[in-house]
1. Output the number of residues of the range 37-61 satisfying the condition of being among the basic types (K, R) and touching a Ser or Thr at 6+ places or on another chain (Cβ under 8 Å).
2. Need the failing condition index for A142 against (1) touching a residue at least 60 places away in the same chain (Cβ under 8 Å); (2) among the aliphatic types (A, V, I, L, M); (3) closer than 30 Å to F225 by Cα, just the number.
3. Filtering the range 90-133 down to residues that are without any contact (Cβ under 8 Å) to a residue 12 or more places away in the chain and aliphatic (A, V, I, L, M), which residue is surrounded by the fewest Cβ atoms within 10 Å (Cβ to Cβ)?
4. Checking I127 against (1) in contact with a Leu (Cβ under 6 Å, 6 or more places away or on another chain); (2) under 30 Å from S236 (Cα atoms): exactly one of these is not met. Which one?
5. Within the range 141-234, which helices (runs of 4 or more DSSP H) (wholly inside it) include 1 or more residues that are of a type in the set (V, I, T) and within 15 Å of the chain's Cα centre (by Cα)?
6. Out of L141, L165, L135, report the one residue that is modelled with pLDDT of 90 or more and out of contact with any Phe, Trp or Tyr (no Cβ under 8 Å at 6 or more places or on another chain).
7. Could you tell me whether any residue of the range 89-109 is under 30 Å from Q231 (Cα atoms), in a helix (DSSP H, G or I), out of contact with any helix residue (DSSP H, G or I) (no Cβ under 7 Å at 6 or more places or on another chain) and modelled with pLDDT under 85?
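The values are calculated or read from the model by the stated rules, or taken from the named source; none is laboratory data. These figures come from a predicted structure and were not determined experimentally. Don't worry about glycine lacking a Cβ; one is built from the backbone with ideal geometry, like all the others, and counts go over all protein chains shown.
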Amino acid sequence: MLKRPAFFKQLVSGKEDVYYYVPITGHEQKADSIIVQKFIDEGLSERQAFHKNQTAAEPVITKKFLLGTDKYGRDIFSRIVVGTRVSLSVGLITVIISLSIGLILGSLAGYFRGRTDDIIMWFINVIWSIPTLLLVFAITLALGKGFWQVFIAVGLTMWVNVARLVRGQVLGVRELEYVEATRALGFSDFRTIVRHIWPNIMGPVMVIAASNFAAAIVIEAGLSFLGVGVQPPQPSWGLMIKENYNFIITQNPMLALAPGFAIMLLVLAFNLLGNGLRDALNIRGKI
């Protein structure tokens, strides 16, 4: 009897199938055995034999898949749906990391100015001068390949835009009357930044967060395509394109085009969300 996985583990990783499915091109019954031609590639198969005790009660079934299957017999549509989890997760964690670092460093640079601003801006310019993909490669190789490593690697490279934006916003509001009032009332710098400045600069920050979400999805797909992102057999849209891009010029281009369309639609959705947030939060442009 199979042990039922815990609910949250099943929610994240799914549960194992009772049976192992083998894609075949033909079969025949002989006494107490079943002879199958296992599908390997177009025009290529392997003869295998199984005893009845090794198979299910109904050993051969026919299934129809909306987008077809890959060379391992895995449903492309199901892998695209599960791969959405990776893309949304990397976008969410990247935004959280980039906003955390960017808000802190940008606020310190814009509020205190002087030497603090010089040091932080020097550090930002150094990071800014390194190509994003090259920096992601370096962090990924240092942390190792894996599911969580790629999240951290992408997040640590996208905080620079947030920090520069936050610094500019803080420089613009630090001399306004309500900030001067907090100083006159004796509030600490920490309370002034967190309770009074941050809520008034969140409009542009949310817009760039949506943009970073879309950019993170594209970077993760590129890393997985190059083999340094999410590792197989875990489904990822970039990894699916890598595994099936040879089929673009052969018999079934949809194996690689379907995850490509998924990336395009999700990135377009977040870009449109960013544009909508920009228009909704641009109060001065409506006056």
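1. Pass one, the range 37-61, residues among the basic types (K, R): 38, 47, 52.
After this cut, where a residue has to be touching a Ser or Thr at 6+ places or on another chain (Cβ under 8 Å) as well, the list is 38, 52.
Number satisfying all stated conditions: 2.
2. (1)
3. In this case the residue turns out to be V126.
4. (1)
5. Details: elements: 147-155, 159-173, 177-184, 198-226.
Because the criterion is at least 1 residues that are of a type in the set (V, I, T) and within 15 Å of the chain's Cα centre (by Cα), the helices (runs of 4 or more DSSP H) in the range 141-234 that meet it are 147-155, 198-226.
6. On the way: L141 fails: modelled with pLDDT of 90 or more; L135 fails: modelled with pLDDT of 90 or more.
Residue meeting the stated conditions: L165.
7. No, because not a single residue in the range 89-109 is under 30 Å from Q231 (Cα atoms), in a helix (DSSP H, G or I), out of contact with any helix residue (DSSP H, G or I) (no Cβ under 7 Å at 6 or more places or on another chain) and modelled with pLDDT under 85.
One line per residue, one yes/no per condition, for (1) under 30 Å from R74 (Cα atoms); (2) of a type in the set (K, R):
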{"residue": "N212", "(1), (2)": "no, no"}
{"residue": "I219", "(1), (2)": "yes, no"}
{"residue": "G229", "(1), (2)": "yes, no"}
{"residue": "K242", "(1), (2)": "yes, yes"}
{"residue": "P253", "(1), (2)": "yes, no"}
{"residue": "L266", "(1), (2)": "yes, no"}
{"residue": "A280", "(1), (2)": "no, no"}
